[in-house]
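See structure below.
The values are calculated or read from the model by the stated rules, or taken from the named source; none is laboratory data. Every value quoted in this text rests on a predicted model; they were computed, and no experiment measured them. Don't worry about glycine lacking a Cβ; one is built from the backbone with ideal geometry, like all the others, and counts go over all protein chains shown.
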Amino acid sequence: MLNDYFYNNIGINSISIISTLIKNNKQLELSKVFLIMPIISHKELLNYLSNQKTIVNSLDNLIVNKNRCFINFNKRFYQSIVQTINTIQYLNDVEIIKLEKSNIILLKEINYDKKMGKRAEKIYKASKNISNILNESNEKLYLNLRVEL
């Protein structure tokens, strides 16, 4: 668990949120932002989504093709809630994002730089597919990902 804390830190979460916002017209519902970290925290799923040959058009197809990547999604969701809240608060405090009603809006783009590392590069490459996944309705996302609320 401690290794996960350092591996999936506020920097990685910031990169994942910002890169997904960039691909999603700089805006995303807050409830959908909470699904980003559980997606990128699964190594096999991140590798698949970051592959340039991978094009994900719907969550349904992704779950069918990569069902083992979603077995413990609910657990990953709950493990990442606090860190996602902290990341949102940090990004808001440094004026990179703003909260408006139930949406997060990107104010400043931060683009990938090689100095960020290979994991950040994978997240940037996967962000288009993550954005496509999050285009579903909240109800469908949470139901299909089997998040227990």
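Computed values, structure above
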quantity: Any hit, segment 22-33, residues being more than 17 Å from Ile123 (Cβ to Cβ), among the acidic types (Asp, Glu) and under 14 Å from the mean Cα position of the chain (by Cα); calculated: yes
quantity: Subset of segment 137-148 (residues that are of a type in the set (D, E, K, R) and either without any contact (Cβ under 8 Å) to a residue 60 or more places away in the chain or crowded, with 18+ Cβ neighbours inside 10 Å (or both)); calculated: Glu139
quantity: Residue match in segment 55-66 (condition: among the hydrophobic types (A, V, I, L, M, F, W, C), modelled with pLDDT under 95, surrounded by 18 or more Cβ atoms within 10 Å (Cβ to Cβ) and within 19 Å of Ala120 (Cβ to Cβ)); calculated: no
quantity: Which numbered condition Gln52 fails, given (1) closer than 21 Å to Gly117 by Cβ; (2) of a type in the set (S, T, N, Q); (3) assigned to a helix (DSSP H, G or I); (4) modelled with pLDDT under 95; calculated: (3)
quantity: Candidate set: segment 15-49, residues that are surrounded by fewer than 20 Cβ atoms within 10 Å (Cβ to Cβ), out of contact with any Lys or Arg (no Cβ under 8 Å at 6 or more places or on another chain) and farther than 17 Å from Asn74 by Cα; chosen: the one modelled with the lowest pLDDT; calculated: Asn25
quantity: The listed residue being under 25 Å from Gly11 (Cα atoms), under 15 Å from the mean Cα position of the chain (by Cα) and surrounded by 13 or more Cβ atoms within 10 Å (Cβ to Cβ), out of Tyr124, Tyr112, Tyr90; calculated: Tyr124
quantity: Every residue from segment 93-108 that is surrounded by 14 or more Cβ atoms within 10 Å (Cβ to Cβ) and part of a strand (DSSP E or B); calculated: Ile97, Asn103, Ile104, Ile105, Leu106
quantity: Candidates Glu121, Glu109, Glu136, Glu100 - the one that is among the acidic types (Asp, Glu) and touching a Leu at 6+ places or on another chain (Cβ under 7 Å); calculated: Glu136
